[in-house]
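Input: a single structure, listed below in structure tokens.
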Amino acid sequence: GANVVIGTPGRVMDLIRRKSLHLEALKIAVLDEADEMLNMGFKEGFLWGGATAANQVEGGIFEDGRGLANVDLMPHGSDRYAIGTGEKWIDRIDDHYFPSHQAVDFYHHYKEDIALMGEMGFKTFRLSIAWTRIFPLGDELEPNEKGLLFYENIFKECKKYGIEPLVTINHFDCPMHLIHKFGGWRNREMIDCFVKLAKVLFERYNGLVKYWLTFNEINMILHFPFVAAGLRFKEGENKTQAMITCAHHELVASALVTKLAHEINPENMVGCMLAAGSYYPETCNPEDYWKSICDDRESYMFIDVQSRGYYPNYALKWIEKRNAEIPFAENDVNILKENTVDFISFSYYSSRVSSANPDKGKQTESNIFASVVNPYLDTSDWGWQIDPLGLRITMNEIYDRYQKPLFIVENGLGAKDKIEEDGSIQDDYRIDYLKKHIQAMKDAVDEDGVDLMGYTTWGCIDLISNGTGEMEKRYGFIYIDRDNDGHGTFKRIKKKSFDWYKKVIATNGEDLDN
């Protein structure tokens, strides 16, 4: 009778193309994969871990030759949002308080912190490179050896504990010298500077780092442009044009860096990264539904380019309607087309709500991606709405869209933690948040067939909040003795969630009980 082959279409076709395989071997291999598909749970080698960013944990901003970056000019207080959006700017660091200048002093505590990650059983640690540690001005001919050695030591420390580094090359980080010289990413000269940085990293850390992300939350250019692209608006200019120009230059740079990573070591895997969270229509009014589609598209617009290799028609129309244009240069189209990413990574904190009449509804608080309040969801201490099912929805939406492996590289709860009289920190609220989100993640894998590489919680150690600049908005499994005013000993204290996450990792996500 006819031979029946069971398995994913991609896997079947891959096997068929290998002409050396006999039919019997083909049947066995495909049936083996079918058996594996029936085994519920996360795949073997799933990358559990945590995530940080250089500007939110390192501190030591003037040590060992590091230069000044845009993120060093993001103060705590009322000016922070206006500066982050490029509407206001400062060039002095002596008239505001900047928590990130010392942050949680990872620069001097990295061995202790990585040892704690190793104790939890981390399989991966997501961190970022401070551009100005490698090139203090951004356009030097030679890199800063002390900066290179710092990260080399971190990666080697990770390897001691079997931890794979997941490195974001640019996590909201732009040398101020390049902002003054070029205007940030609005100038195409930035591409060469960034490619030079990446080349140094790929060559120096070849064999130490396999997983790379080019730009963190690239869609944030449309919401926090000074932070995301070093963009300061000029009076009277078309702001959309400025942001699209920055985005295009980052997209070309990302493609060139992806090409370079694969050339230097074919084992390198390069991903893109977006701030994700599906939009729900406020009502079943078709106008609300259409608005949710448009809002989702705005989030995915740049990821479409990084994953598919071209600007989709809706993006071209979106740009045209705002009297802007993409600054294509010769060969940009081919560069984008030929160098798409290997996987899609994203942050997820909450879903969002779209309304055709947003002025009529209450808006969520303390979120750069403010939206209409969803009355069916609880909120965090900072007004962020909590939606575990939204993670499953978002995963399915992204996977359906791109059909590439996913990597959740940020998810967590910012909360006010209290040290009890016995010295413990009973953060059951954090455990509950993560438990529900990991279960939703597991459902997306088990029930929906989403291909997921790994999961890194945001702020595995407490760090400075990007949105508010606060220390008291804590995310970590490890408490750090530091307050909003810069007081504290930097002492590290394990929270209750520390042992809980250790158990989750040890059981590959099977045991989520508190």
Residue that is surrounded by the fewest Cβ atoms within 10 Å (Cβ to Cβ), among those in the stretch 449-466 that are out of contact with any Lys or Arg (no Cβ under 7 Å at 6 or more places or on another chain) and of a type in the set (S, T, Y): T457
Look through the stretch 47-101, keep the residues that are of a type in the set (D, E, K, R) and outside any loop (DSSP other than H, G, I, E, B), and return whichever of them is least open to solvent (accessible area, probe 1.4 Å). D72
Please go through the stretch 168-195 and pick out each residue that is touching a Ser or Thr at 6+ places or on another chain (Cβ under 7 Å) and aliphatic (A, V, I, L, M). I169
Checking D422, D446 in turn, the sole residue that is surrounded by fewer than 22 Cβ atoms within 10 Å (Cβ to Cβ), in contact (Cβ under 8 Å) with a residue 40 or more places away in the chain and more than 19 Å from the chain's Cα centre (by Cα) turns out to be D446
Pick out the one residue from I493, I505 that is closer than 29 Å to H101 by Cβ, modelled with pLDDT of 95 or more, touching a strand residue (DSSP E or B) at 6+ places or on another chain (Cβ under 8 Å) and outside any loop (DSSP other than H, G, I, E, B). I493
Cβ pairs under 9 Å, 6+ apart or interchain, first in the stretch 121-132 and touching a residue at least 24 places away in the same chain (Cβ under 8 Å) and farther than 30 Å from E44 by Cβ, second open to solvent by less than 10 Å² (accessible area, probe 1.4 Å) and of a type in the set (S, T, Y), ordered by first then second residue, are A130/Y151
Within the stretch 327-352, how many residues are touching a residue at least 40 places away in the same chain (Cβ under 8 Å) and either in a loop (DSSP other than H, G, I, E, B) or loosely packed, with under 14 Cβ neighbours inside 10 Å (or both)? 11
Could you count how many residues in the stretch 357-366 are assigned to a loop (DSSP other than H, G, I, E, B), open to solvent by 40 Å² or more (accessible area, probe 1.4 Å) and not hydroxyl-bearing (S, T, Y)? 3
Which condition does K317 not pass, out of (1) farther than 20 Å from N216 by Cα; (2) not in a helix (DSSP H, G or I), if it passes all the others? (2)
Say whether the condition of being among the small types (G, A, S), assigned to a helix (DSSP H, G or I) and crowded, with 19+ Cβ neighbours inside 10 Å is met by at least one residue in the stretch 277-297. yes
Could you please let me know if F224 is open to solvent by less than 10 Å² (accessible area, probe 1.4 Å), under 19 Å from M243 (Cα atoms) and of a type outside the set (S, T, N, Q)? yes
Kindly indicate the residue of the stretch 467-495 that is more than 30 Å from A82 (Cα to Cα) and open to solvent by 70 Å² or more (accessible area, probe 1.4 Å) and also nearest to the chain's Cα centre (by Cα) among those meeting that condition. K494
Output for Cβ contacts, cut-off 7 Å, separation at least six or different chains, first residue without any contact (Cβ under 8 Å) to a residue 40 or more places away in the chain in the stretch 171-182, second open to solvent by 10 Å² or more (accessible area, probe 1.4 Å), reads F182/E189
Mind listing just one residue for me: the one in the stretch 380-402 that is open to solvent by 50 Å² or more (accessible area, probe 1.4 Å) and over 19 Å from the mean Cα position of the chain (by Cα) and, of those, nearest to S347 (Cα to Cα)? L389
Filter pass, A324 being touching a residue at least 24 places away in the same chain (Cβ under 8 Å), in a loop (DSSP other than H, G, I, E, B) and open to solvent by less than 30 Å² (accessible area, probe 1.4 Å): yes
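Considering each of D513, D483, D443 in turn, give the residue that is charged (D, E, K, R), out of contact with any Cys (no Cβ under 8 Å at 6 or more places or on another chain), more than 19 Å from D381 (Cα to Cα) and in a loop (DSSP other than H, G, I, E, B).
Result: D513 is the single residue among D513, D483, D443 that is charged (D, E, K, R), out of contact with any Cys (no Cβ under 8 Å at 6 or more places or on another chain), more than 19 Å from D381 (Cα to Cα) and in a loop (DSSP other than H, G, I, E, B).
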Residue ranges of helices (runs of 4 or more DSSP H) in the stretch 122-233 with at least 2 members small (G, A, S): 225-229
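The values are calculated or read from the model by the stated rules, or taken from the named source; none is laboratory data. Just so it is clear, the model here is predicted, and its values are computed rather than measured. Positions of Cβ are generated from backbone atoms using ideal geometry, with glycine treated the same way; all protein chains shown enter the neighbour counts. The area values use the complete protein model at the heavy-atom level, side chains included, leaving out ligands, DNA and RNA. Shrake-Rupley method; radii C 1.70, N 1.55, O 1.52, S 1.80 Å.
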